[in-house]
Structure formats: structure tokens, C-alpha cells
Amino acid sequence: MQQHEEIIAIRHPIRSAQPAQKDGPRINEEIRSKEVQLIDSTGDNKGVVDFQTAMSMAEAAGLDLVEISPNTTPPVCKILDFGKYKFQAQKKAAEARKKQKVVEIKEIKLRPMIDDHDYDVKMRSMQRFFEEGDKVKITLRFRGREMAHQELGIKLLERVKTDTSQFSKVESEPRFEGRQMVMLLAPR
């Protein structure tokens, strides 16, 4: 006598996609609270008011009811022109981006037997980079038999360190990477 097992497929219900979360504050009918802390268009605090009253006040003024602080109980809402509010926020963000300074890493390449004049030119450009607020990566490349005289490279990087000490600080000490030495300086 053989037992026959029946295989039953289990169907999971199809879940509807979550509604897209919009960025920015909730306005008018999107606010999901029965009571709100209301601030009117002149900036006066009206206290805790039920949502329908707040909504009718906003409509009477011809403005929007905007949720300013959603995480408090009750949420703080303000009567204002939402288009104007959004424009001001964008302007503020653009101004903040304009004032931001991105620190770049500029690279100066040297050789162990660099001439004095060439060295001075490199030092002037290095000083300009520091004044602009950028970091400087100094790469000292050895070619062929120069690898036998690594002490010349170390001496040159020590000279760079002392010459730039008043307007820069060493962020990473000189280290070997294959056939080159690398040192990173940051502005003071």
C-alpha cells in the first residue's frame, strides 16, 4: 500500500506597491493629524487647533497649510504660500552650495636630482595651492639607477617639509610606492 502525498502550492497575496514618499513637508489634505499647533500667516501662534479649522483658516487667507515640524505632537503647521516657501528653500540650498569649498588634492612631481630653479618654481605653485585651501601630494619618482640612492630622495622630501612648514603640515609621512616616494601635505 503506497501513500500518495499531495503537493499544495501556497499563494502569497500580491502586495500593492507602497505609495511614493514625496520629499518636503506635507501640505493641506496630506496632513494626517486631527489636531495641529497652528501658526498663522503673520507668525502668531494660535495654539492647538483641530485640523478642519486650520484648513478653513488657510483657505480663507488663500494660502496653504504646511506641516513645518511633523515629529512633534501635535505637529506644528503654518499658514503660508507653499510655492514661495519652496522657492526660498531652494534659494537657501543653492547659497549653501555656493559657499562650500571642495578640498582638492593637487599633485607635484619631483625627481631626486631636481635643479634649484625648478625646485623654486614647484615651491611657488605649492604655496599657491595651500593658499587656495588645497592639499598637495608630492610624488618623487626614481628612474633606473636612482633607486640605489634613495637617501637623496629622502633628503629632498625633508627639504620640502622644512620649506613649507610655516604654511602647511604633513598629513602623511614619506612612504615608498614601487619606484616612487609619496608624501601628502595639508594647508595649516
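The values are calculated or read from the model by the stated rules, or taken from the named source; none is laboratory data. Since we're looking at a predicted model, the values are computed, not measured. As a convention, Cβ positions derive from the backbone with ideal geometry for all residues, glycine included, and neighbour counts pool all protein chains shown. Just so you know, the surface numbers come from the protein's heavy atoms only, side chains and all, with ligands and any DNA or RNA stripped out. Shrake-Rupley method; radii C 1.70, N 1.55, O 1.52, S 1.80 Å.
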Original post:
Residue by residue through the range 93-103, which ³J(HN,Hα) values in whole Hz follow from phi under the Karplus form 6.51 cos²θ - 1.76 cosθ + 1.60 (θ = phi - 60°), with glycine and proline marked x?
Top reply: 5, 5, 5, 5, 5, 5, 7, 6, 10, 8, 7
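What is the projected area of the convex hull of the Cα atoms of the chain, averaged over all directions, in nm²? Kindly include the intermediate steps, with their values, before the conclusion.
On the way: hull surface 112.4 nm².
For the chain, the mean projected area of the Cα convex hull comes to 28.1 nm².
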Subject >> Residue-span extension gain [Thr162 to Thr53] - 0.36 nm each, minus C-alpha spacing >> reply: 32.1 nm
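What part of the accessible area of the range 62-188, given as a whole %, is carbon or sulfur when the probe is 1.4 angstrom?
Numbers: 4240 of 8250 Å².
About 51 percent, which is the carbon plus sulfur part of the accessible surface.
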**OP:** Please find the FRET efficiency linking Asp118 to Gln150, where r is the Cβ-Cβ separation and R0 is fixed at 22 Å, and quote it to the nearest 0.05.
**Re:** 0.60
Original post:
Distance in nm between label sites at Thr139 and Val76, each 7 Å beyond Cα in the beta-carbon direction?
Top reply: 5.2
**OP:** Between Glu35 and Ala94, take the C-beta separation as r, use R0 = 45 Å, and let me know the FRET efficiency to the nearest 0.05.
**Re:** 0.80
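Could you give the size of the charge dipole of the chain about its Cα centre, using +1 on the Cβ of each K and R and -1 on the Cβ of each D and E, expressed in debye and rounded to the nearest 20? Before the final figure, lay out each step's value.
Details: 34 positive and 30 negative charges, 178 e Å.
Computed about the Cα centre, the dipole is about 860 debye.
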**OP:** Could you go through the range 48-61 in sequence order and give the Karplus-derived ³J(HN,Hα) for each residue, using 6.51 cos²θ - 1.76 cosθ + 1.60 with θ = phi - 60°, rounded to whole Hz, and x for Gly and Pro?
**Re:** 7, 10, 6, 4, 4, 5, 4, 5, 5, 5, 5, 5, 5, 7
Subject >> Farthest toward positive dipole pole in the chain [+1 Lys/Arg, -1 Asp/Glu at C-beta], among Ala186, Val160, Ile27 >> reply: Val160
**OP:** Taking the Cα centre of the range 103-188 as origin, work out the dipole magnitude from +1 charges on Lys and Arg Cβ and -1 charges on Asp and Glu Cβ, in debye rounded to 20.
**Re:** 220
Subject >> Percent RCO, i.e. relative contact order, over the chain, from Cα pairs under 8 Å lying at least 6 residues apart >> reply: 14
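Can you give the FRET efficiency to the nearest 0.05 for Arg26 and Ile105, using r as the Cβ-Cβ distance and R₀ = 30 Å?
Working: r = 43 Å, r/R0 = 1.43.
E between Arg26 and Ile105, to the nearest 0.05, is 0.10.
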Original post:
Between the helical axis of 116-131 and the dominant principal axis of the chain, each derived from Cα atoms, what acute angle in degrees is found, rounded to the nearest 10?
Top reply: 20
**OP:** Name the lysines eligible as straight-distance cross-link partners of Lys98: C-alpha to C-alpha under 20 Å, and not fewer than 8 places from it in the same chain.
**Re:** Lys86
**OP:** Pick out, from Tyr119, Gly144, Ile108, the residue whose Cα sits farthest towards the positive end of the charge dipole of the range 106-149, with +1 on the Cβ of Lys and Arg and -1 on the Cβ of Asp and Glu.
**Re:** Gly144
